[in-house]
Structure formats: structure tokens, C-alpha cells
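Asks: Can you keep this structure in mind? I'll have questions shortly.
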Amino acid sequence: MSVEYRRDGAVAVVTLNNPPVNAIGHAVRAGLMEAVDWVETQEGLSRVILTGAGRTFAAGADAREFDAEPVPPHLPDVIARIEASDIPWIAAINGAALGGGCELTLGCRYRIAVPGAQIGLPEVTLGVVPGAGGTQRMPRLVGLKAALDLIASGKPVKATRAVELGLIHGIADDPVELATHLDQGTIELTHRVGAMENPAPEAGAVEAARATAARRTANQVAPQRAIDLVELSTRTPLAEGMATERATFLELRTGDQARALRHIFFAERAAKAPDWLTAEPAETGTVAVVGGGTMGAGIAYALLNAGRSVVLLETDADGVELAKANVEKIVGASLSRGMISDAKADDIRARFTASDDYGAAAGAGLAIEAAFESMEVKKTVFAALEAALPADAILATNTSYLDIDEIAAGTSDPSRVLGLHFFAPAHIMRLLEIVRGKATGNRALATGFALARPLRKIPVLAGVCDGFIGNRILARYREAADTVMMDGSTPWEIDEAMVEFGYAMGPYEAQDLSGLDIAHANRRRQDATRDPNRRYIPIADRMVELGKLGKKTGAGWYRYPGGNGKVDDPIVADLAIEEAHFAGIERRDFTADEIRERLLLAMINEAADILHEGIAANARDIDLVTVFGYGFPRWRGGLMHYADTIGAARIVEKLTALTAEDPLVWRPSPVLVACARDGRSLADAT
Ligand code: NAD
């Protein structure tokens with residue numbers, strides 16, 4: 001039974017029981033309606049306590065039902081019955097009450113939560129608005145401004161904040177117990193939320209909420225529509241407001257943005273070890289991290305925060321001191337942002353050591369190497385790790401581009417070697433590419449996947465190639481951008497086109513942040529193997545020659561006078577004109593649409609090749625990589641989900657047209673051609 005109910009004297013207890021998170025699907029709604037009917041048959045009841053089984057009250061509607069027609073009973077009707085009941089319902093919020101779960105509590109006369117409960121209406125993060133009265137009852141209960149904050153941001157609040165807001169009446173370790181003994185007069189004095197007066201309009205509150213939503217969730221429809229609804233609550237009767245809310249919810253939930261956000265939501269939850277990977281992971285209580293620079297320090301902190309002990313290895317005493325300072329900087333920043341407590345910071349420090357002696361890591365079951373990006377350095381490090389660590393320790397590299405098979409071949413047991421590719425900053429970015437070399441054993445892979453969960457990372461399996469999944473697509477994106485620049489555009493026009501598409505920043509501003517030197521070193525490494533027939537754009541090389549390495553040198557594709565605020569740089573525009581002249585190219589204007597089309601087609605085609613070569617297992621994994629590692633707009637569902645909204649046939653048509661310009665660069669990938677031919681989506685291509 002998804003909803004259980006029982007009677008204990010004058011008290012009835014109704015329990016949501018739909019593991020794992022008591023999602024409010026059809027069975028729960030039907031079960032609740034049955035419970036409401038049952039309550040009405042009972043004589044002598046003083047109250048009904050509504051709670052959840054397990055650690056969650058209810059995490060929201062069941063988003064899997066959003067693609068189909070809604071089936072009655074509908075949640076607004078269930079809540080209306082609860083609210084109208086003569087016998088008061090009390091919400092005993094035993095854990096998260098989100099979305100429909102929160103709306104259920106708003107139908108109750110009294111609300112008590114456990115100290116750790118999270119309460120909120122996160123619907124906009126799935127591209128919809130609350131659909132069961134949230135936008136109308138919440139402002140009546142907590143006032144306009146607080147409701148706007150809660151609903152337009154989608155961010156839940158903790159129990160203590162919920163009390164301050166007047167969203168709940170109290171906090172108790174055992175809310176069912178407290179609800180059972182609550183004074184009857186107290187309950188009966190409370191009002192039905194739906195019967196409360198309209199919230200007072202507050203000057204400027206709606207405009208401020210709109211501006212915040214436009215900044216934080218640019219291009220997204222749901223937050224603005226949610227604000228419309230909350231604003232409506234100030235001037236319409238409940239029933240009217242709820243009818244508009246329901247219509248908006250039903251309209252948005254089948255729209256492109258909601259579909260895309262649902263796709264990413266489910267893809268994130270599905271990101272785990274593949275079913276065939278049944279090997280036992282290695283023990284990772286102590287992890288060795290090699291290199292305490294940008295990446296090593298971030299990885300060490302992520303491990304420490306997840307309860308691991310870390311031994312950080314550096315080349316010499318100075319390196320050790322620098323590494324310690326780098327890790328301490330992250331501990332300090334996390335402390336000052338309130339992300340960890342003082343006690344947790346001390347605990348982290350107690351589990352951290354740094355040394356220039358590999359012997360210090362003799363007990364580690366896993367090593368993650370994040371030293372310089374050089375094959376020679378990596379081989380030396382792996383030899384030292386092999387000598388110092390237990391014979392069955394797993395050895396991982398965080399290399400961005402280097403050939404993991406070559407690194408593994410230098411060890412005596414390549415089955416222990418894999419790639420664990422983190423993204424900067426490693427303690428914040430959620431993506432983790434788990435790179436499987438040709439000799440990588442299942443135990444090593446299982447160790448990588450097992451580590452992802454405590455680190456709260458999204459693991460994606462990748463094969464070995466230049467750049468794996470993400471950086472390979474990135475390289476193609478940049479190549480397409482450089483080509484457009486050479487042929488007639490500017491970095492700022494290109495950046496603006498991609499920001500309009502939904503990226504937080506365009507490719508040139510992003511490169512200025514990470515530094516032009518990394519990609520440059522990469523191009524030099526690739527010189528020996530680059531197809532001589534492929535067009536090469538030398539503008540970035542000229543930038544490096546001029547010392548324009550990005551923000552860190554005060555100038556890159558943009559200038560940063562005084563270290564901040566980017567300014568267009570005419571010298572860069574001139575460089576492109578000059579190089580085009582040398583190459584005999586007649587430059588022409590590109591519209592923003594043309595720019596976007598080329599950059600996106602280039603990425604989609606590369607991603608299709610990545611599927612074709614088996615570097616990624618499926619399109620969903622590429623969506624995760626592009627959204628969680630590279631800033632592809634989440635509300636577009638990731639690169640391949642977006643490609644499917646265009647359709648393989650149309651993409652192949654566009655690519656084929658571009659082959660007239662450059663047959664090598666724009667040749668349509670075999671996967672796209674096959675999907676176009678068979679009328680299949682990329683989501684179904686493997
Ligand atoms: P970094 O220069 O900031 O740090 C490298 C550190 O390694 C330095 O502190 C150096 O002293 C240390 N080191 C060098 N040789 C060593 C050795 N033999 N033993 C122990 N320590 C040694 O570099 P980074 O940006 O942290 O990059 C490290 C690795 O991570 C590279 O392979 C890089 O490609 C990869 N990576 C970087 C990023 C990024 O955005 N920076 C992202 C993903 C992966």
C-alpha cells in the first residue's frame with residue numbers, strides 16, 4: 001500500500017509509504033483519497049496526523065508521470081478535501097517535504113517538522129510551476145516576498161528558517177508524537193491556509209523577483225511564470241488562482257524546457273556503474289594524491305570532505321608547503337562560506353598529510369595523480385607509486401589529454417590503471433569522467449564508480465582518445481569558433497552568440513579564464529599527428545606569442561584593465577584580419593544564428609563520432625558531460641538532447657551543405673547518417 005492509515009484512540013495516522021522518497025504518483029494520490037474517505041467515516045476522531053515512512057515526507061510529484069495525461073484523483077483535489085475536512089489534519093514532516101509534498105502540508109491545519117527537514121517548492125528547477133496550490137497558498141501563509149523567494153528560486157529552506165517564515169509551527173525530533181499530544185484548542189485555533197486573506201502587495205517585490213530570476217535563470221520560462229502566479233495570489237480568490245496555476249502547470253510540463261530539465265534530472269540519477277560492472281571496489285579509506293596544484297588540492301579536499309584520509313605527495317619541501325597552503329585555502333573558503341563547521345574543518349585537517357616521500361602513502365588503496373601534464377612526469381610518478389603502494393592499489397591519473405594506455409603500459413600491471421578526470425575546481429564541479437584504458441580491469445573501474453557517490457560526483461564512463469568525451473568536444477567547439485573568427489567574425493560576436501544560446505559565457509571568455517597556454521601546449525603535442533589536410537587556424541598561436549595568455553596575464557582574447565571587467569581588444573580583431581589576409585581568405589560577416597549553428601553543429605558531429613567510436617556509451621552520458629562539465633545550458637537538456645530537438649535528418653542536411661566549404665571538417669558522422677536514415681533519435685543510438 002502506498003498510503004497506510006490506522007486509528008489510535010481519537011487520533012488517526014496516515015502514512016505515505018512509497019519508497020524510496022514517497023513520490024506522489026497516482027497510487028499515492030488514490031491512497032490519500034481513500035484515507036480521506038475513511039477519515040470521514042470515523043466517529044470521535046480529534047485529529048489526523050499525516051506523515052511519511054522512511055526518512056522523507058514526500059519528495060514531490062512523480063516526474064515520470066509528466067509525459068502522460070494526468071489521471072485522477074488529482075493532487076489539488078486531494079488537498080482541497082484535506083483542507084476542508086472538519087477533523088483537522090496535522091502534517092508531521094519527518095523529512096524533506098518538497099513540491100507536491102510541501103503542497104500537501106499546506107493543506108493541513110498545523111505543521112511540525114524534524115530539525116533536519118527541508119521544505120520547499122523546487123518545481124521551477126524541473127521547468128514547471130507548483131501545480132497543487134503552492135503558488136496560491138504559500139503567499140497567503142508566509143507573505144508575498146518570502147513566497148516569491150521560495151517559489152521563483154526553487155530553493156528549499158531548513159526547518160529553522162521555515163519556523164521564522166511562519167511556514168511551519170514548530171520543530172520536534174518526533175513530530176508524530178508531538179502532533180498526538182498537541183492541545184486540541186491550539187489546533188482548532190489555526191486557520192485553513194486556503195481561507196486566509198490574499199497576501200498584501202509589497203512595493204517592488206515582484207519586480208525584484210523578476211530581475212533576480214532573469215539573472216539567475218536567464219531564458220527559462222518557469223520562474224517568470226511562477227512569479228506571475230504568486231503575484232496573482234494578491235488579487236484573486238483561491239479557486240481562481242488555482243485554476244490559472246493548474247493550467248500553467250499543465251502547459252509547461254510538456255514544453256521543451258520541462259522535457260529537457262526532466263531529461264537531465266533522470267540522467268543524473270541514472271549516472272552510476274554499468275550493470276555489467278560487478279567487481280568489488282578497492283578499499284579507499286586512505287588515498288594518495290600526487291601533485292598539490294590547482295587540481296591536486298581540489299581533489300584532496302573533495303576526498304577529505306568525503307571522509308577519506310589523504311596523503312598528498314609533492315616533489316620537494318617547497319612543493320609540500322605550497323600544497324598544504326593550497327588545501328588550507330579551500331578549507332578556509334569552505335569555512336567562511338558556511339559549507340563546513342569548525343569541527344568538520346579540524347576533522348579534515350586531522351586526516352590530511354603532505355609529504356615528498358612516497359613511502360608516506362604506503363597504506364593507500366588508491367592513488368590519484370594530478371602532477372604536470374607531461375608523459376614523462378606521469379610515467380615517473382606511476383613508477384614511484386607502484387613501488388610505494390600495496391601491490392593491489394588502484395592507480396588513477398587526472399590527465400586531461402594524455403594517452404592513458406601509454407601510462408598504463410609503463411607499469412607492471414596495467415589492469416590497475418584508469419583515468420579519473422576531475423574538472424576545475426575539483427571540489428565543486430560535479431562531473432567525473434572515469435576513463436577506461438584498453439587494459440583497465442573491472443576492479444579499477446568499480447573503484448572509480450564507488451568513489452563517485454561519497455564525493456557527490458556524477459560519474460560518466462569514457463574511453464581513451466584525445467580529450468576523452470568532454471575535452472574532445474571542447475577542442476572541436478574552439479576549432480569551429482576560431483574558424484568563424486578567421487573567416488570574418490570577432491571573439492566578442494562569437495561569445496555573445498553563445499551567451500544568447502544559454503551559456504553563461506562564450507568560448508573566448510571561458511578560455512581567458514582557464515588560460516590560453518594549456519590549449520597551446522596541446523596543439524604542439526598534436527603537431528606530429530595532425531592531419532596535414534585539415535585546415536589549421538593560427539590565431540591562438542599568435543596570441544600566445546604575444547603573451548596574451550588570458551586573465552592571469554591581464555589580457556587574452558579580451559583585455560582586463562586593472563585585473564577585472566573585460567574589454568574588447570582591437571588588436572585581437574586585427575590579428576584575425578591579418579591571418580586571414582596571409583591565408584588569402586575573403587572575410588565576410590556572420591550572423592549570430594550562423595555562428596551558433598556552426599559551433600553547435602561542430603560539437604554535435606564530434607559527439608556523434610564519440611558515440612560511433614564507443615568512447616561514450618550513450619547520448620545521455622554526453623548530455624551529462626556537456627551540462628555538468630562544460631556549461632551547456634541545462635534547460636536545453638545537454639548537447640545530444642538538444643540535437644534530437646533538431647533531428648538527425650536536418651543536422652545531416654546542414655552538415656552536408658557545409659561540406660562544400662570544407663569536406664574534411666564537416667563530414668557528417670556515421671551515427672548521424674544512420675539515425676537520419678532510420679528515423680531514429682540520437683538518444684536511441686549506441
Ligand atoms: P598545476 O601546475 O597547478 O599543479 C601540478 C602540481 O604537480 C604542482 O604542484 C607540481 O609541483 C606537482 N608535481 C609535478 N611533478 C610532480 C611529481 N613528479 N610528483 C609530485 N608532484 C609533482 O597543474 P593542474 O592544473 O593542477 O593540473 C594537474 C593535472 O590535472 C594535469 O595533468 C592537468 O592536465 C590535469 N587537469 C587540469 C585541469 C585544470 O583545469 N587545471 C582540469 C582537469 C585535469
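The values are calculated or read from the model by the stated rules, or taken from the named source; none is laboratory data. Since the model is a prediction, treat every value here as computed from it, not as a measurement. For neighbour counting, all protein chains shown are included, and Cβ atoms are generated from backbone atoms with ideal geometry for every residue, glycine included. Surface accessibility is based on the protein's heavy atoms, side chains included, excluding ligands, DNA and RNA. Shrake-Rupley method; radii C 1.70, N 1.55, O 1.52, S 1.80 Å.
Asks: Can you pull the accessible area of residue 604 for me, 1.4 Å probe, Å² to the nearest 10?
Replies: 0 Å²
Asks: While we're on this one: So what's the back-of-envelope 222 nm ellipticity for the chain, counting only DSSP H runs of four-plus at -39500 (n - 2.57) apiece and dividing by all residues, rounded to 500?
Replies: Here the helix-only value at 222 nm equals -14500 deg cm²/dmol.
Asks: Could you run the Karplus curve 6.51 cos²θ - 1.76 cosθ + 1.60 with θ = phi - 60° over region 374-379 and give me ³J(HN,Hα) per residue in whole Hz, x for Gly and Pro?
Replies: 9, 4, 5, 4, 4, 5
Asks: Could you give me the percent of Cα pairs per 20 Å distance bin for the chain, shortest bin first, beginning at zero and ending with the bin that holds the maximum distance?
Replies: Histogram of Cα-Cα distances, whole percents per bin: 16, 42, 33, 8, 0.
Asks: Rank these by accessible area, largest first, 1.4 Å probe: 233, 153.
Replies: So, going from the largest accessible area down, we get 153, 233.
Asks: Sticking with this one: Once the whole set of protein chains is in place, how much accessible area is left on residue 342, using a 1.4 Å probe, in Å² to the nearest 10?
Replies: Per-residue accessible area (residue 342): approximately 110 Å².
Asks: If I model a spin label as a point 7 Å beyond the Cα along the Cα-Cβ vector, how far apart are those points for residue 208 and residue 571 in nm?
Replies: A separation of 4.4 nm, rounded to one decimal place.
Asks: Using the basic label-point model (7 angstrom from Cα toward the beta carbon), what is the residue 533 to residue 674 distance in nanometres?
Replies: Output for this residue pair reads 2.4 nm.
Asks: Moving on. Provide the gained length on full extension for the span residue 355 to residue 265, in nm with one decimal, where the gain is 0.36 nm per separating residue minus the Cα-Cα distance.
Replies: 28.3 nm
Asks: For a quick protection proxy, order the peptides 531-538, 400-407 by their average other-Cβ count within 10 Å, most packed first.
Replies: So the order, starting with the most tightly packed, is 400-407, 531-538.
Asks: Under the 0.36 nm per residue contour assumption, what length would be gained going from the current alpha-carbon distance of residue 505 and residue 424 to full extension?
Replies: 27.6 nm
Asks: Counting only C-alpha contacts under 8 Å and six or more residues apart, can you give the relative contact order of region 298-420 as a whole percent?
Replies: It comes to 22 percent, rounded to a whole number.
Asks: Along the positive direction of the dipole of region 628-686 (beta-carbon charges: Lys, Arg +1; Asp, Glu -1; about the Cα centre), which of 642, 655, 672 reaches farthest?
Replies: Sorting the options by dipole projection puts first 642.
Asks: Determine the distance separating the Cα centre of region 159-223 from the Cα centre of region 501-539; give it in Å without decimals.
Replies: Going from one Cα centre to the other spans 50 Å.
Asks: Just report the Cα centroid separation between region 284-344 and region 626-652, whole Å.
Replies: A separation of 35 Å, based on Cα centres.
Asks: If each residue of separation counts as 0.36 nm, what is the full-extension length gain between residue 161 and residue 316 once their alpha-carbon separation is subtracted?
Replies: Length gained between residue 161 and residue 316: 50.9 nm.
Asks: Mind running the shape call on region 119-164? Use the C-alpha gyration tensor, a ≥ b ≥ c as the square roots of the eigenvalues: rounded below 1.5 for a/c, prolate if a/b tops b/c, oblate otherwise.
Replies: Oblate, because a/c is 1.5 or more while a/b does not exceed b/c.
Asks: Still on this structure, please answer the following. Quick one: with all protein chains in place, what share of the accessible area of the chain is carbon or sulfur, to the nearest percent (1.4 Å probe)?
Replies: Whole-percent figure for carbon plus sulfur exposure: 53.
Asks: I would also like to ask the following. If 418, 461 are ordered by their accessible area, calculated over protein heavy atoms with a 1.4 Å probe, which sequence runs from highest to lowest?
Replies: 461, 418
Asks: Suppose all protein chains stay in the model; what accessible area per residue would a 1.4 Å probe give for the chain, in Å²?
Replies: Counting only protein heavy atoms, the per-residue value for the chain is 42 Å².
Asks: Return the distance in nm (one decimal) between the two label points of a simple spin-label model at residue 347 and residue 26, each offset 7 Å from Cα along Cα→Cβ.
Replies: Going from the residue 347 label point to the residue 26 one covers 4.4 nm.
Asks: Counting other C-beta atoms within 10 Å, and keeping those with at most 10, which DSSP coil GluC sites (Glu not before Pro) do you find in region 1-78?
Replies: In loop regions of region 1-78 (DSSP not H, G, I, E or B), the sparsely surrounded GluC sites (Glu not before Pro) are 43.
Asks: Give a quick list of trypsin sites (Lys or Arg not before Pro) in region 169-270 that DSSP marks as loop, anything other than H, G, I, E or B, with at most 12 other Cβ atoms within 10 Å.
Replies: Within region 169-270, the qualifying trypsin sites (Lys or Arg not before Pro) (loop, at most 12 other Cβ atoms within 10 Å) are 235.
Asks: For residue 280, what accessible surface area do you get with a 1.4 Å probe? Give it in Å², rounded to 10.
Replies: Per-residue accessible area (residue 280): approximately 140 Å².
Asks: List the chymotrypsin sites (Phe, Trp or Tyr not before Pro) within region 267-354 that fall in a DSSP loop (any state other than H, G, I, E or B) and whose Cβ has at most 14 other Cβ atoms within 10 Å.
Replies: For chymotrypsin sites (Phe, Trp or Tyr not before Pro) across region 267-354 that sit outside H, G, I, E and B with at most 14 neighbouring Cβ atoms in 10 Å, the list reads 276.
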